[in-house]
Amino acid sequence: MLINLLKFRFKNALQGWIDDPHAVLDLIRPSQDPKFGDFQANLAMPLGKQLGRPPREIAAEILKGLEIGDLCTEPEIAGPGFINLRLRDNVLAEFLQKALADRDRLAVPLLGEAEKKRILVDYSAPNVAKAMHVGHIRSTVIGNALAHILKFLGHEVITDNHIGEWGTQFGMIIYGYRHFLDRTAYEANPVLELSRLYREVRRRVDEPGSTLGPLVLEETAKLHHGDPENLALWNEFVPVCMQEIDRMYKRLGIRFDHTLGESFYQPMLAPLVEELLKNGIARETEGAVGVFLEGEEVPMLIRKKDGAFLYSTTDWATIRYRIREFRPDTILYVVDFRQSHHFQQLFAAAGKTEAHPPELVHVKFGTVLGDDGKAFKTRSGDTVGLESLLDEAEQRAFQIVAANDDAKPVEAGLLTEDERRETARRIGIGALIYADLSQNRESDYVFSFDKMLAMNGNTATYMQYAYARVQSIFGKGNCDPETLRDLKEPIRLNDPRERALALELLKFDEALESAVRDFRPNQLTAYLFELANRYSTFFEQCPVLRAESESVKTDRLRLCDLTARTIRKGLELLGIQTVERM
RNA sequence: GCGCUCGUAGCUCAAUGGAUAGAGCAACGGAUUUCUAAUCCGUAGGUUACAGGUUCGAGUCCUGUCGGGCGUGCCA
């Protein structure tokens, strides 16, 4: 909001004597340091170079033509030619009032029709053969957050969970089921037993000198060819696995518009390969069928020599189906970076069959590592199950919630047992989601229970706490925030802490935009942390209910209300809930 | 071998080519008869792996070296 206004004014000032004002407008940014004002324009340096004149001279000239007096105090030229801008308090107040009055969007503008896109987000995509583990959480929470933010900004978003239930892993399970089944264990907990069978077969296949590999592949091939017995087993296994997976999504508060698994595309695979063979895009190679792509050493295989299909085949068919069915402008694949090469090939391949392929983006993320820097495993060599992680998060949160509640004076009003449990659930799950989202998604991260479930410092809890403290003020002051939202009196910002908070509140829209620009939710977590931080400082230094006058009190309450709503909306977009008391 | 990717404080991580590289944790020192201390204020901690280069300006871009991770036709 603020920055766009400034850009517009600069554009007008540059019009006429600069060829392409748009190229340099991105150099208007929030200041890194408050002493450089609220915003800084860094465009005089490159323009100076371009025009062969001293940057400070250029900056002065820009200022001469810049009509900005209504928005900012007198701009300063500093250093090599930075233009430092400080907004007038009445301008901040005006925007705060707009945000306060906007019940749904906090004055975050909706995208114009021209900028709107239809975006399909492919994320989570668990493998039903294996129990969901800590690695799955990344795709799930990142995809969910991106989908929410994109939608809030005005894009049309379609989410699709591309469940893995048709690959070689099923051959392993079927083979395991026939040879190593523990019937009692299966009846007690089928998913656990299937997942054990998977690991068991996997282990045996990987043993040196093992002859199991071909037998396992044969089971997969039989399934793909419609063998009734294997199909019957498949039909038995998938629903129980899906129940398990759905339970996780429910706990995480995640829903998909579509859940079209690999098997959904199964009927399209054979025709696709035939078509590609016929039109010469694919050809036979060493008994298999592959597509030879420019610049690639090896072909992308789409049919094995035993006739079974590969994930490239399914993914290709999926792209075609999505184009036909959803007509997306963009498809995002929120998938582990180790599949980079696969997507690179797939995207290139899709370009061969689709006349106007959508923009295809691999939103890749790093691996979850152990202390040793290797892919994360527990001591027993297993990955950490997602369910036990969720359980532990909630348990830890419960301990802290209960301890804090007990420590409160009785008159503060204790939580009921149910409230404690629900509060712990929101805080624990929130901590887990936040720990993941707050990292740059492209880096690997070292798994640590303590870090992932931490509830101090830069965590969701910190924001939930700030939110709860606002609610507490409204409760104690017996004030309905609704009564503050349409006040006409301008907000006065007399204290530097008030002003710092106000300025941050007005950057919400920019935080959202930067979170989707490079598909990095950590841009939003960083913003929310900064916001909560400024609120905490304000909270310490600026009494609200005991303010020196009624008008100061009202203005501070308005800041409190907008802070709470911004935090709640921000967390909600990340898939994290707030609590009224904690 | 080739390709991709990463290397930032003791640890975990930030930083759309912009000014003096920032947080959290850990450490140390302060603040509480509280509008909720799950907090705040402060101190300390850096040759951004190394060497060149491009640029008015480089943690960021380019080249090389060293080190890690991943990928490299019948898994996903």
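The values are calculated or read from the model by the stated rules, or taken from the named source; none is laboratory data. Quick caveat, the model's predicted, so the values are computed rather than measured. Glycine also receives a Cβ, built like all others from the backbone with ideal geometry; neighbour counts cover every protein chain displayed. Quick note on the areas: whole protein, heavy atoms, side chains included, nothing else; ligands and nucleic acids left out. Shrake-Rupley method; radii C 1.70, N 1.55, O 1.52, S 1.80 Å.
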- Message: Taking the alpha-carbon distance from A:K130 and a cut-off under 18 Å, which lysines remain once sequence neighbours fewer than 8 residues away in the same chain are dropped?
- Response: A:K377
- Which percent of Cα-Cα pairs in region A:446-582 sits in each 10 Å bin, short to long? 12, 42, 33, 11, 2, 0
- Query: On the accessible surface of region A:53-108, probed at 1.4 Å, how many percent belong to carbon and sulfur atoms?
  - Reply: 51
- Charged-residue dipole, Cβ positions (Lys, Arg, Asp, Glu), region A:68-123 about Cα centre, Debye nearest 20: 240
- Note on the structure: Everything considered on the Cα gyration tensor (a ≥ b ≥ c; rounded for a/c under 1.5, else prolate if a/b is larger than b/c, else oblate), region A:171-236 must be described as oblate
- At q = 0.20 Å⁻¹, what is the log10 ratio I(q)/I(0) for region A:134-268, with the Debye formula run over Cα points and no solvent? -1.21
- Note on the structure: Whole-percent carbon and sulfur contribution to the accessible surface of region A:246-352 (1.4 Å, no ligands, DNA or RNA) stands at 48
- Report, in debye and to the nearest 20, how large the dipole of region A:453-508 comes out about its Cα centre when Lys and Arg carry +1 and Asp and Glu carry -1 on their Cβ. 140
- Query: Put +1 on the Cβ of every Lys and Arg and -1 on every Asp and Glu Cβ in chain A; which of A:V291, A:T168, A:Q50 then has its Cα farthest towards the positive end of the dipole?
  - Reply: A:Q50
- About its Cα centre, chain A carries a charge dipole, from +1 on Lys and Arg Cβ atoms and -1 on Asp and Glu Cβ atoms, whose size in debye to the nearest 20 is 680
- Task: Determine, for each peptide in A:571-579, A:267-275, the mean count of other beta carbons within 10 angstrom over its residues, then list the peptides with the highest first.
- Result: A:571-579, A:267-275
- First compute the accessible area of region A:489-553 with a 1.4 Å probe, then give the percent of it belonging to carbon and sulfur atoms. 46
- Would you compute, for the Cα atoms of chain A, the largest minus smallest coordinate along each principal axis and list the three values in descending order, in whole Å? 80, 70, 42
- Query: Lys/Arg Cβ at +1, Asp/Glu Cβ at -1, dipole of region A:265-340 taken about the Cα centre: which of A:Y265, A:L301, A:Y333 is farthest positive-ward?
  - Reply: A:Y265
- Task: Could you tell me whether region A:399-450 comes out rounded, prolate or oblate from its Cα gyration tensor? Rule is a ≥ b ≥ c as square roots of the eigenvalues, rounded for a/c under 1.5, then prolate if a/b exceeds b/c, otherwise oblate.
- Result: prolate
- Note on the structure: Cα convex hull volume per residue for region A:235-332, in Å³, equals 155
- Can you list, largest first and rounded to whole Å, the semi-axes you get for region A:104-150 by taking the square root of 5 times each eigenvalue of its Cα gyration tensor? 31, 13, 6
- Item | For A:I302, residues with placed amide H under 5 Å, excluding near neighbours | A:V289, A:G290, A:V291
- Message: For A:K117, give me every one of the lysines with a C-alpha distance below 20 angstrom, ignoring sequence neighbours fewer than eight places off in its own chain.
- Response: A:K151
- With the 1.4 Å probe rolled over protein heavy atoms, region A:493-582 has an accessible area per residue in Å² of 36
- Query: Using θ = phi - 60° and the Karplus form 6.51 cos²θ - 1.76 cosθ + 1.60, what ³J(HN,Hα) does each residue of region A:453-463 get, whole Hz, x for Gly and Pro?
  - Reply: 9, 4, 10, 10, x, 6, 9, 4, 4, 4, 6
- Message: To test your reading of the geometry: what angle, between 0 and 90 degrees and rounded to tens, separates the Cα axis of helix A:55-65 from the longest principal axis of chain A?
- Response: 70
- Give, to the nearest whole percent, the P(r) tail of region A:118-191 beyond 20 angstrom, counting all Cα pairs. 49
- With unit charges on the beta carbon (Lys/Arg positive, Asp/Glu negative), name the residue among A:L360, A:Q243, A:A60 whose Cα is farthest towards the positive pole of the charge dipole of chain A. A:A60
